[in-house]
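Trainee: Questions regarding the structure given below will be posed in turn.
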Amino acid sequence: MKYDITAIGNALVDTQFKVSHEFIAEVGLEIDQMNLSSAEEHAPIIDKLKKENAESVSDCGGSATNTLVAATHFGAKCFHTCVVADDEDGHSYLANLKNIGVNHSFKMRDADEVPTGKCLILVTADAKRTMSTALNVSALMRMDDIDFVAMLDTDILYVEGYMVTSDENYSVTLELLKRASEKNVKIALSLSDPGIVTGFRDRFTELESFGVDYIFCNDEEAMAFTSTESIDSALDDLTKKDFISIVTTGSKGCSIVNKDELIQLKAENIHAVDTNGAGDMFAGCFLYALSQGNSLNECGKFANYGASKIVETFGPRLTESGYHEVLKKL
């Protein structure tokens, strides 16, 4: 089967909670940032959440997963590679992915060794989301975990930026990009998090060298990637790149940058409830519209609208009718 979009990323079970700013401080996390943790570091946070009986929602997650879920809901043919453990979270992740209709290959590891990846997403009343992520077994990909034939039988290969954070995942990603560049597959890269970009700059530079066609990022990630201190300077630097940069700027909208033009599109006027998953939804909308032959301007408008609907919702998913409403905007 020829796919519209394939993706490589961490397979995580996302569990989202409504909490206070005081809770974030008490568990030692930095507000509105992603924090890499171990399963052991997760345990006291989970215990505290249970004691407070925090409102929550749970689903298959991880950045690339969320992006493919959105694109699949719009009608794209998508494929994902997953590594999970043979535990409750692993089975839940695979069942959710199957129900949504994302084609996938997966390997299950012994749960007694390393558990399935898990992300705790803590959302405060001002719509900021703070993440504590234990990559667990998802950070231990091997070459034989990857169905290279399926992953490269695609129009667009989407690479989650978090893949740089473990040596195992990074090695697999490099091999996948090498093969993708040899087959002239279009490559899209998400920068994922400003701290990750800063901490693994050399690895992002190497990923870029494989001939990336599209980069997705927010304004802070763009500044980290270009080592600049303002979004205007970052956009200026990105005009010198050979790829197309799609930069989200929160309530201001987004900018699409290449050597020929700068497209700036205003955001929808909304009341923000929860920003978690907005960037993933944006990428899913944009890539779907791109796969259908739409212009960059049309892709950006569609992605802005889709992301706005996620921001108005608690959790990274819309209802079936919600996805249908978004699709009508394209």
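Trainee: Kindly state which strands (runs of 3 or more DSSP E) lie completely within the range 93-189 and contain at least 3 residues that are closer than 24 Å to F216 by Cα.
Mentor: Here the list reads 117-123, 129-134, 154-159.
Trainee: Considering only residues that are more than 15 Å from A76 (Cβ to Cβ), touching a Phe, Trp or Tyr at 6+ places or on another chain (Cβ under 7 Å) and not aliphatic (A, V, I, L, M), which ones fall in the range 301-330? If you could, list the steps in order and put the result at the bottom.
Mentor: Of all residues in the range 301-330, those more than 15 Å from A76 (Cβ to Cβ) come to 301, 304-305, 307-322, 325, 328-329.
Still in the list and also touching a Phe, Trp or Tyr at 6+ places or on another chain (Cβ under 7 Å): 307, 329.
Listed by number, the list holds a single entry, K329.
Trainee: Another question, then. From G315, G293, which residue is out of contact with any helix residue (DSSP H, G or I) (no Cβ under 9 Å at 6 or more places or on another chain), farther than 19 Å from V159 by Cα, without any contact (Cβ under 8 Å) to a residue 12 or more places away in the chain and in a loop (DSSP other than H, G, I, E, B)?
Mentor: The match here is G293.
Trainee: Further, regarding this structure: Within the range 242-265, how many residues are under 23 Å from the mean Cα position of the chain (by Cα) and either without any contact (Cβ under 8 Å) to a residue 12 or more places away in the chain or not in a loop (DSSP other than H, G, I, E, B) (or both)?
Mentor: Total satisfying the criteria: 15.
Trainee: Here's something else I'd like to know. Which of the residues belonging to the range 170-195 are within 18 Å of the chain's Cα centre (by Cα), at pLDDT below 95, within 23 Å of L287 (Cα to Cα) and surrounded by fewer than 23 Cβ atoms within 10 Å (Cβ to Cβ)?
Mentor: Once the filter is applied, which keeps residues that are within 18 Å of the chain's Cα centre (by Cα), at pLDDT below 95, within 23 Å of L287 (Cα to Cα) and surrounded by fewer than 23 Cβ atoms within 10 Å (Cβ to Cβ), the range 170-195 yields only P194.
Trainee: Looking at the range 19-46, which of its residues are within 24 Å of A127 (Cα to Cα), of a type in the set (D, E, K, R) and modelled with pLDDT under 90?
Mentor: E30, D32
Trainee: Test of understanding: among A85, A76, A95, which residue is closer than 28 Å to S291 by Cα, surrounded by 20 or more Cβ atoms within 10 Å (Cβ to Cβ) and modelled with pLDDT of 90 or more?
Mentor: One residue alone meets the criteria, A76.
Trainee: Would you kindly identify the helices (runs of 4 or more DSSP H) lying entirely within the range 1-82 that contain at least 1 residues that are touching a Pro at 6+ places or on another chain (Cβ under 7 Å) and closer than 19 Å to T116 by Cβ?
Mentor: 39-52, 63-74
Trainee: Residue check: is T154 out of contact with any helix residue (DSSP H, G or I) (no Cβ under 6 Å at 6 or more places or on another chain), within 26 Å of C119 (Cα to Cα), of a type in the set (V, I, T) and in contact (Cβ under 8 Å) with a residue 24 or more places away in the chain?
Mentor: no
Trainee: Where residues in the range 53-72 are at pLDDT below 90 and in contact with a strand residue (DSSP E or B) (Cβ under 8 Å, 6 or more places away or on another chain), which of them is farthest from T154 (Cα to Cα)?
Mentor: The initial filter retains those residues of the range 53-72 that are at pLDDT below 90, namely 53-61.
Within this subset, residues satisfying the condition of being in contact with a strand residue (DSSP E or B) (Cβ under 8 Å, 6 or more places away or on another chain) are 54-61.
Values: A54: 41, E55: 39, S56: 35, V57: 32, S58: 29, D59: 26, C60: 23, G61: 22 Å.
Among those residues, the one meeting the criterion is A54.
Trainee: Restricting the range 4-39 to residues that are closer than 25 Å to Y170 by Cα and among the charged types (D, E, K, R), which is surrounded by the fewest Cβ atoms within 10 Å (Cβ to Cβ)? I'd like the intermediate steps shown before the answer.
Mentor: Taking the range 4-39 first, the residues closer than 25 Å to Y170 by Cα are 4-14, 33-39.
Those still in the list that are among the charged types (D, E, K, R) too: 4, 14.
Numbers: D4: 21, D14: 26.
Checked the range 4-39; the qualifying residue surrounded by the fewest Cβ atoms within 10 Å (Cβ to Cβ) is D4.
Trainee: Here are the criteria: (1) in contact (Cβ under 8 Å) with a residue 60 or more places away in the chain; (2) on the phi > 0 side of the Ramachandran plot. Tell me which single one N53 does not satisfy.
Mentor: (1)
Trainee: OK, next. Tell me which residues, restricted to the range 111-169, are surrounded by fewer than 18 Cβ atoms within 10 Å (Cβ to Cβ) and among the basic types (K, R).
Mentor: K128, R142
Trainee: Does Y305 satisfy the condition of being of a type outside the set (S, T, N, Q), touching an Asp or Glu at 6+ places or on another chain (Cβ under 7 Å) and under 22 Å from Y158 (Cα atoms)?
Mentor: Considered against the rule, which asks whether it is of a type outside the set (S, T, N, Q), touching an Asp or Glu at 6+ places or on another chain (Cβ under 7 Å) and under 22 Å from Y158 (Cα atoms), Y305 comes out as yes.
The values are calculated or read from the model by the stated rules, or taken from the named source; none is laboratory data. All figures in this text were calculated on a predicted structure; none of them were measured in a lab. A quick note on method: Cβ atoms are made from the backbone with ideal geometry, for glycine too, and the neighbour counts reach across all protein chains shown.
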